[in-house]
Amino acid sequence: MTPPPAAVRVLSGGAAKGLIGAARPAFAECCGAGIEGTFGAVGAMKEKLLSGEPCDVAILTAALVDELTASGLLVPGSGAPLGRVRTGIAVRAADAPPDIADRASLAAALRNAKAIYFPDPQRATAGIHFVNVLRRLGIEAAVAPFLKPFADGATAMQQLAQAREAHAIGCTQLTEILYTDGVALAGPLPAE
């Protein structure tokens, strides 16, 4: 019988970091192995897979799992939905959350912000989505001077927590907001 690995290697979008962290103790107890996780923008995780980084489990978007399976990087039939994560708005923990209940109030909150922290608009799912939201709201040019992109949502939220600007705001996956000390969830983006 083959002994269990010392650790399962996970490449994951940042949205699952809290889930993996919470699962580590139970996984070690039941399986006798640790979990080594690398978290970041899903585009960055794709790049790691393409460069040959060892990986036992990939937690990515469904579209990216399909793409990587079709290209032979993931085992066909091994994918399973883990869950859905919404994108939301964050503020520093001490700040009052803005009204973001609908399209108009979200646009107003973003226009009022003096700094907007968010993940990479090219490689991070939440960053790509957020830029599309700005375009759909018709405010991308107006808020462009205040945009502060970071490699991933976790880094963006850590930087928001330390922000000194008045009216700082952030946008990323809800899970990344919830597991970052110093920030608070204002709410998910309006369904519309």
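Assorted remarks:
- Within the listed set Phe118, Phe27, Phe146, the residue fluctuating most in the Gaussian network model of the chain (springs between alpha-carbon atoms under 10 angstrom) is Phe27.
- Highest-fluctuation residue, Ala168, Ala124, Ala28 considered, GNM on the chain with Cα pairs under 10 Å: Ala28
- Whole-Hz ³J(HN,Hα) from phi, Karplus 6.51 cos²θ - 1.76 cosθ + 1.60, for the stretch 146-162, glycine and proline x: 9, 6, 10, x, 10, 4, 8, x, 4, 5, 4, 6, 4, 5, 4, 4, 9
- Max mean-square fluctuation residue, GNM over the chain, Cα-Cα springs under 10 Å, options Glu67, Glu176, Glu29: Glu29
- Counting all C-alpha pairs of the chain, share separated by more than 31 Å (%): 23
- Remark: the stretch 55-159 carries 54 Å² of accessible area per residue (probe radius 1.4 Å; ligands, DNA and RNA excluded).
- Compactness of the stretch 1-112 was expressed as the Cα radius of gyration divided by 2.2 N^0.38 Å, which yields 1.38.
- Ligands, DNA and RNA left out, the 1.4 Å accessible surface of the chain is 56% carbon and sulfur atoms.
The values are calculated or read from the model by the stated rules, or taken from the named source; none is laboratory data. Keep in mind it's a predicted model, so treat the numbers as computed, not measured. Note: areas computed on protein heavy atoms with side chains; ligands, DNA, RNA excluded. Shrake-Rupley method; radii C 1.70, N 1.55, O 1.52, S 1.80 Å.
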